[in-house]
1. P(r) for segment 67-144, please, calculated from all Cα pair distances in 5 Å bins and given in %.
2. Under the 0.36 nm per residue contour assumption, what length would be gained going from the current alpha-carbon distance of L592 and L176 to full extension?
3. Express in % the proportion of alpha carbon pairs of segment 1-136 at distances exceeding 20 Å.
4. Can you give the FRET efficiency for R41 and H450, using 1/(1 + (r/R0)^6), R0 = 56 Å, r = Cβ-Cβ distance, to the nearest 0.05?
5. Quote to one decimal, in nm, the extra length available between F99 and D68 on full extension: 0.36 nm per residue of separation minus the C-alpha distance between them.
6. Can you pull the three principal axis extents for the Cα set of the chain, in Å, largest first?
7. In the neighborhood of A64, defined by Cβ-to-Cβ distances under 9 Å, what is the net charge if each Lys or Arg adds +1 and each Asp or Glu adds -1?
8. Calculate I(q)/I(0) for segment 493-569 by the Debye formula, one identical point scatterer on each C-alpha and no solvent, and give its log10 at q = 0.16 Å⁻¹ to two decimals.
Amino acid sequence: MTPNFSAPLSTYFTLSDKKLALFEKAGVKTLGELLLHLPLRYEDRSHLTPIADLKHETYALVHAEVVDSRVSFSRRKMLHITVQDSSGARLYLRYFHFFASQPKQFVAGRWGLFYAKAQAGAYGMEFHHPEIQWLNGAQLPELSEHLLAVYSTVSGLSQKDWRKLIAQALVLVKPLAVKDVLVVRGYLSFYQALEQLHRPQYSLDEAQLAKARERLIVEELCAHQLSIALARAYRSRLQAPKIRIDTQALQRFEQSLSFELTKAQRRVFAEITQDLTRSQPMMRLIQGDVGSGKTIVALLAALSVIYAGYQAVLMVPTELLAEQHAQNIQRLLQGQSIQVAVLVSKMPAAKKRATLQAVTSGEVQLIIGTHAVFQAQVQYHNLALIMIDEQHRFGVHQRLALQDKSVAEQAVHQLVLTATPIPRTLAMSVYGELDISVIDELPAGRKPIHTSVISASRREALIERVGENCRQGRQAYWVCPLIEESEVLECENAQAIAQMLQACLPDIKVGLVHGRLAQQERYAVMQAFIKNEIALLVATTVIEVGVDVANASLMIIENAERFGLAQLHQLRGRVGRGAQQSYCVLMYQAPLGEVARQRLEVMRESNDGFVIAQEDLNIRGGGELLGTRQTGAKLFKVADLERDAMLLPKIAQYTQEWLMENQAFVEILLARWAAGKMRYLQS
Ligand code: ADP
Ligand code: MG
């Protein structure tokens, strides 16, 4: 039987619930995800190194006997062990932290295998916190024949856990060492590639590992292109409402705005109206830098369908953003008889019931909310347009799933708005099933934000500057450090920073928003900030997307080196929205590594999201733009579009060929790489 890649681990392996939960935490729920959890690096434990031959900064396996053990108490408690090998050469083991029971195992005369990276120390070579395998006497056990794979893991799951389970999984897929179409073209088989990457032979060299990786990269890129092709085909079979555009009403609305649309906004909106008049559903991506005015274009799209008698929904990533969009939009819609409703998960029950009812009856025409807008309980009256704001982390599968959820009988038009600037060629490969429009122009009169990079040691002077800024009637943001592992810690830390700032600046009104604040509270704080009742807003990254307060002209970002560049650019985009000169201060914790320094330098020098994205790629070689540092859920597992760009023509050729004459292989690839996500493509 062919193994089912999308089956949960429990189908094939006997694991405790606790272990299952840990694997899930590490991002591995299915057989496919396990097999494609590729090693970070390899360790060579296939041969011993005599202590006399140890090299600084090089991993080695040493066979030696304990000769001395002692705990020192100078400055801090440390455990020092001396071992010697059969030649009599000595090696020093150092433990900078250890359990009370740990020293006891180092009995003089006991033999073991010690593995670590050697460090040149004051008395000779040292191992810090080595891995140890204790032996019975001096007899040497059989050494591993393989290089050992080292996996990214979570606390509670050892490297042995990974190696053991993956070895079992490899047995399951061994029948897949078949001569498929890729093998015929000279690639390794899928099984061989996995086997080599997880359990490389000792002699295996980089070129061979690269060959194994290439098989998987080609598969993954092909699977992605196939998903896109099938999504396009699927879309062409769907019927969405043809919208009759009420040009006059739209013009009246445009005239009511306090500004002129930019040429780019006009062009993009024209592209949208073209799409809406067709029965094939629109699937369009609007790319536009922060502040380029995507919201108004989305609103025009919404009005186009609303004037024609349909509903539109705008989905945003956070409740805060839903509220703010609703407020702004309601202000813009003043004098029109259009009902706008906010729909989020945490709403008072009575209010939610009433809102749902109004959505079902058609009383409400524009719905703004979080993913709550697509929950099963929401029945739309006649939805024609879905807009997704700032969801640059959505993959092709999620976008299609939305199409599925929206309305049963009829497809809807879709508009995706993103501020993540992706170079065009990459965008085509990522968002291939979407048509792309770019707003490549900022509204006139914007002053570029002035950015500086300073060390956290100058925090006090900075606080003074913030105080001065606020006393002059302008507002400021203070963005707290990102703590990826724990939202709780992040919020507590933000609280402490807010208190500290309030204590330093008693005459300034300081506010605080973070992700764990109750909705009403957060709302109240944001309202107060918008009304300038709060001068200094301390915030976690909940303000990252969308929030718009024109009087805020100064932003401080703490531990800027921990953020991704795309994220810093988004954050910084919260200032520079009004007429006055705006400033952004990137504070870092010294010492700053070379790459981190270069990255902050890019932020200092450029205000252009596309330039920043390109530089980011150049410095780091990709991975962050399209991936998601915050959640770890990357778009690709093995491939990297930038690095692997030269493969794309070949990928296009393969996929076209298989779609024509090898449906079976198409299905195999999709099952491997998009397992469980292609349900809606089947009809
Ligand atoms: P983003 O593209 O980052 O979502 P927004 O849609 O929030 O940008 O727009 C940023 C600000 O610019 C808003 O205050 C909006 O009202 C304003 N704006 C949008 N279009 C124009 C324009 N053509 N001229 C002047 N201001 C504009
Ligand atoms: Mg926006």
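Derivation of every value follows stated rules applied to the coordinates shown; laboratory data play no part. Here the structure is a predicted model, which means the values were calculated and not measured. Methodologically, a virtual Cβ is constructed for each residue, glycine included, from the backbone with ideal geometry; neighbour enumeration extends over all protein chains shown.
1. 3, 13, 26, 27, 19, 8, 2, 1, 0
2. Numbers: separation 416, 0.36 × 416 = 149.76 nm, distance 4.73 nm.
Length gained, L592 through L176: 145.0 nm.
3. Beyond 20 Å sits 58 percent of the P(r) for segment 1-136.
4. Once rounded, the FRET efficiency stands at 0.85.
5. Numbers: separation 31, 0.36 × 31 = 11.16 nm, distance 1.81 nm.
Between F99 and D68, full extension yields 9.3 nm more.
6. So the three principal-axis extents are 92, 72, 46 Å.
7. Here the charged neighbours net out to -1.
8. -0.61
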